[in-house]
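For reference, the structure discussed in these notes is given below.
The values are calculated or read from the model by the stated rules, or taken from the named source; none is laboratory data. From a predicted model like this one, the values you see are computed outputs, not experimental measurements. Here the Cβ is made from the backbone with ideal geometry for all residues, glycine too, and neighbour counts use every protein chain on show. Side chains included, ligands, DNA and RNA excluded: accessible areas come from the protein's heavy atoms. Shrake-Rupley method; radii C 1.70, N 1.55, O 1.52, S 1.80 Å.
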Amino acid sequence: MKLYICKDYNEMSEKAAQIVGSVITLKPDCVLGLATGSTPVGMYTRLAEMNKEGKLDFAEVKTYNLDEYYPIKPTNDQSYRYFMDKNLFDNINIDKANTHVLNGEAADPEAECAAYDKAVEAAGGIDIQVLGIGNNGHIGFNEPADKLVSETHKTSLTESTINANARFFESANDVPRHALTMGLAPIMKAKKIIMLVSGKNKHAALMEMLSGAITVTNPSTVLNLHNDVTVVCDEDAYNG
Ligand code: F6R
């Protein structure tokens with residue numbers, strides 16, 4: 001695991017944009033695995049600026065997002081489709097048909113998840129997967145549990161995640177109780193992984209991951225089995 005400790009959120013966002021941007025430069029038709037949440041917003045802003053400045057071209061890029069609430073309409077301003085359009089896709093020259101987010105309205109969520117895994121494989125797999133980390137160590141919505149799930153699947157959100165995400169909703173009661181999430185297999189099959197970590201509240205989960213031990217109580221620890229993971233964190237997350 002490669003670790004960059006940046007002085008603050010802005011430096012973390014810049015470093016992460018440079019790393020993701022370099023993948024796009026080397027492979028203009030690459031497949032990006034993308035995350036939502038507060039942490040990657042600064043990186044998405046920088047990527048959009050690099051696109052505007054003519055330094056990065058998204059014309060042939062394909063994207064697959066990690067997760068989506070379930071059930072939720074894509075037009076709901078808390079859906080991850082809405083988030084991605086607003087924070088990245090509407091601000092770059094990507095073909096929207098090449099952007100993929102799990103369908104939070106799928107009548108058959110299991111079929112939706114299975115088709116998503118097939119589509120990622122058919123696209124040639126993910127060249128670089130962007131991840132955040134939950135306060136509880138979740139990646140995507142692979143929450144701490146007795147058993148971790150490989151395939152993309154429907155999952156229940158833990159109280160910790162519901163409370164952490166309540167800040168985006170009117171109240172914790174409005175946070176959907178379920179989500180569709182990429183499983184650990186498609187994440188671990190990504191050729192490269194970059195994890196962004198910002199803020200003191202992520203310190204304990206980050207330290208557990210960096211310790212190298214693998215545990216179901218902190219799903220991010222499975223990343224220790226991947227041979228190309230770069231963690232870009234800020235000093236608050238690293239020092240606690
Ligand atoms: C989002 C996702 C989540 C977040 C994590 C951290 O697509 O998969 O695992 O990365 O919950 O969220 P923030 O960045 O809001 O702290």
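Filtering region 183-205 for residues that are of a type in the set (S, T, N, Q), more than 24 Å from residue 10 (Cα to Cα) and surrounded by fewer than 17 Cβ atoms within 10 Å (Cβ to Cβ) leaves an empty set.
So which residues in region 86-102 are free of Cβ contacts under 8 Å to residues at least 60 places away in the same chain and in contact with a helix residue (DSSP H, G or I) (Cβ under 8 Å, 6 or more places away or on another chain), if there are any at all? Within region 86-102, 87, 88, 89, 91, 92, 93, 96, 99, 100, 101 meet the criteria.
Among the residues of region 163-173, none qualifies, meaning not one is closer than 26 Å to residue 15 by Cα, modelled with pLDDT of 95 or more and either surrounded by 15 or more Cβ atoms within 10 Å (Cβ to Cβ) or more than 15 Å from the chain's Cα centre (by Cα) (or both).
Take residue 139 and tell me if it is open to solvent by less than 50 Å² (accessible area, probe 1.4 Å), more than 16 Å from the ligand (Cβ to nearest atom) and in contact (Cβ under 8 Å) with a residue 12 or more places away in the chain. No: the conditions fail for residue 139. Restricted to region 87-134, and to residues there that are polar (S, T, N, Q) and more than 22 Å from residue 38 (Cα to Cα), the residue that is most open to solvent (accessible area, probe 1.4 Å) is 93.
Given region 1-86, what strands (runs of 3 or more DSSP E) lie entirely inside it while holding 2 or more residues that are open to solvent by 30 Å² or more (accessible area, probe 1.4 Å)?
Strands (runs of 3 or more DSSP E) meeting the threshold: 2-6.
Among residues of region 213-240 that are free of Cβ contacts under 8 Å to residues at least 24 places away in the same chain, those with a beta-carbon under 8 Å from a residue that is not aromatic (Phe, Trp, Tyr) at least six positions away or on a different chain give the pairs 213/221; 213/224; 214/221; 214/222; 214/224; 214/225; 215/208; 215/221.
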